[in-house]
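The values are calculated or read from the model by the stated rules, or taken from the named source; none is laboratory data. In this text the structure is predicted, and so the values were computed from the model without any measurement. Neighbour counts run over all protein chains shown; Cβ positions are idealised from the backbone, glycine included. We work out accessible area using only protein heavy atoms, side chains counted, and drop any ligands, DNA or RNA first. Shrake-Rupley method; radii C 1.70, N 1.55, O 1.52, S 1.80 Å.
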Amino acid sequence: MNLLQRKAHKNDRRRDNRGQHFEAIVKENEKFLSYYTTLKLINEDDTPAFLATLREPLPATFRITGTRNHAKELLQCVRTHYFDKMEGTMIEDKAILPPQPIPWYPDELAWQINLTKSTIKTSKEMMKLKKLLVDETALGNFSRQEAVSMIPPLLLDVQPHHYVLDMCAAPGSKTAQLIEFLHQDSSKIIPDGLIIANDADNKRCYMLVHQSKRLNSPCFMITNYDASTMPNIYISKDGISKNIPIVYDRILCDVPCSGDGTLRKNIMLWKRWNQNNALSLHCLQLRILIRGVELLARDGILVYSTCSFNPIENEAIIAALLKKAGGSIKLVDVSDKLPALKRRSGMNTWKVLSKQGNWYNNFSDVPVSDSAMIKPSMFPPSESEAQEMHLDRCLRILPQDQNTGGFFVAVLQKVDHLTWLSKSKSVQAITQIPEVKSKTEDVTVDDPAKKQPPQGMTNNSEDEAKEPPSKKAKGNFKNSFKEDPYVFISEADPIWPDIRDFYKMEHPFPIDLVFTRTKIGKKRTLYLASSAIKNILENNDTLRVINTGVKIFSRSESPHVHCSFRINQEGIEYIYPYVQHRKISLTKEDVIVFLTQNNPLDVRFSPSTHGQLLKTSMNCLDLSQSEDATETNGFIICGWKGKFSVRPLIPKPDHTHYLLLCGEVGLANEPNQAILESSTEEAANISALTEVSSELDEMVTPES
Ligand SMILES: C[S@@+](CC[C@H](N)C(=O)[O-])C[C@H]1O[C@@H](n2cnc3c(N)ncnc32)[C@H](O)[C@@H]1O
């Protein structure tokens, strides 16, 4: 082993998951190589490049996130103040390559960085870039996401009116993309569609809460179910007709998989890879996909994806579904989508390798001793069937083609009624509620949690006898589920008149879409949901909802102010169009003063802003950066006006972000002491701030 190799191995020393000792990870696995060469995933010519790329670390990639035009504005700032400045930077006599846009991602909103950690440390420009990446990622304005993982949401083509289900959503990088696409039309404050993000793992559901927090969508809900037995969710169009199961226009089925496409970042897989991982996941993957197409609307699109190279988890699942569906589901030709993306066609044939290391071409060759693990649905269809199915329309991304991880995607469309569902029940769903036909037409009315979940697919009746026993939804969901209730308020609620009058909320404000999480006692936080989400909450009593709604008001009591609720930054864009009082327009320079100066109410604002502030009484303010903050180039910041002080009501790290949008990179990188002192820690600390502000103001002369 030469010096470089030794160094590479040393860098690859990682603590084993079980926490025993450090071990060098040798990036070799004979079984892996022989498996995929036997399957002809890679031919002889491809093998060296395939292996060499898999042994390289994955380049860092990230997306600039955000709904509406926010992402584009941020991109513009980052380009001007960071990426463009790196052009021509030399390190050790070598020009370094600034971050590059991922060629197939629309609007240059996804980027790749081809720098090693050691290069980053060598230059001031690089360290600045690193800080930007870390800060904006922590704020959720950038999302670290593998390039290939960005493909499924793009191919799903989500529109603002779509009902979307993300069946296996955590940690949620794809969900974030789906939310962004739902909110792509800036002319509609709340889109008609919705996104339900589901995961079977309760703890991982809270990763979804974190991921979606910055996107602040009132059209978003997180549920906690085994996706293979995902229950029907009901909506009522008119308040009378209930029990109409939703069908979804778009479904993402990003199933749990063996993950060998992630070898470049999960290097422990070099040690652990074996063929059994795929075999043991196949049946669950198929059950999830089958439930997915049951929940899909007629003409709806479902994207199935894995980060595995393995046909047992990929083409075999698609072929088994297409066979069962008998023409009602088709594979969509997406060869004209994302033209700059290099992809390989799906495989038409493959073999199955048993745990004991025996290869089988057909299920009929499998001895009883291997039949517990090997299912008929793992085998390829006949040549003619494969052609009819167009399995070549599946996409496989290989690492060497564009320096990425490995990935598999299939885009499916439901073109007809599913033969295995009861027709009469579907018809009943259509006729009960014609207005929402597209959302309700083809779903089983039986609760799948009570029915037999679909099993591994069979080729003939003999095979059926060999199917694995039926499985119940995993985990004791019922007993472990404890969430506060969702209680919608109305115009008549005693807390509302104070808020309405204090902020002068205009009439069309949808107060009926506001809810709290407490039935009795003081209401502390008010949330906003879209009408579709409200409909679901009101018509599904036992639904395991982990989170939904956007925080719009929080209780913040003080003897000096008339209203007990302040506006929350998270929900400000939904409140702003309806609020008439306490809105102040700031120039860019005023925003900089506001975010960098301690208590700038004296003379540091522009005369116009200063005048507006003096006229405003105490409590919460909406400060917008342009004349019309709903326009593309504006942003809105919550502030607090005391008698003689004014402060931002946003978390401290957000200051640097807004300063960056104002082009203040120096300040953004090194916030001055004044910022640190005047900033509010977290939304939860606002009450304390109110008191401090009030006390400070008491000590000075009364308001003029
Ligand atoms: C490949 S990851 C999903 C990644 C995610 N789509 C993203 O882009 O961030 C698979 C997820 O499926 C979840 N999962 C495993 N079994 C499941 C099941 N039966 N039903 C629903 N989710 C499941 C896992 O908890 C895991 O979060």
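Which pairs break 22 Å Cα to Cα here: 27/351; 203/523; 213/583; 27/265?
Those over the limit are 27/351; 203/523; 213/583.
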Whenever you get a sec, line up 124, 337, 131 from highest to lowest accessible area (probe 1.4 Å, protein heavy atoms).
124, 337, 131
Dipole of the stretch 150-420, positive end: most advanced residue of 408, 205, 349 [Cβ charges, Cα centre]:
205
Expected vector for the stretch 147-162, Karplus 3J(HN,Hα) from phi with 6.51, -1.76, 1.60 and θ = phi - 60°, integer Hz, x for Gly and Pro, equals 3, 5, 6, 7, 6, x, x, 5, 6, 6, 6, 6, 10, x, 8, 6
List the pairs from 131/174; 237/504; 342/375; 337/414; 128/588; 124/641 whose alpha-carbon separation is above 28 Å, in the order I gave them.
237/504; 342/375; 124/641
Student exercise, the stretch 150-420 dipole from Lys, Arg, Asp, Glu Cβ charges, in Debye to nearest 20:
680 debye
List every residue whose amide H lies under 5 Å from the amide H of residue 165, counting only residues 5 or more places away in sequence or on a different chain, with H placed 1.01 Å from N in the peptide plane.
196, 250, 251, 252
Express in nm, to one decimal, how much length is gained between residue 604 and residue 342 on full extension, taking 0.36 nm for each residue of separation and deducting their alpha carbon distance.
88.8 nm
So who's got an amide H within less than 5 Å of the one on residue 638, skipping anything under 5 residues away but keeping other chains? H placed 1.01 Å off N, in plane.
623, 649
Accessible surface of residue 373 in the full protein assembly, 1.4 angstrom probe, to the nearest 10 Å²?
60 Å²
List the residues, sorted by chain then number, that are 5 or more residues from residue 394 or on another chain and whose placed amide H is less than 5 Å from its amide H.
346
Phi-based couplings in Hz for the stretch 493-504 (Karplus 6.51, -1.76, 1.60; Gly and Pro marked x):
5, x, 7, 6, x, 4, 5, 4, 6, 5, 9, 6
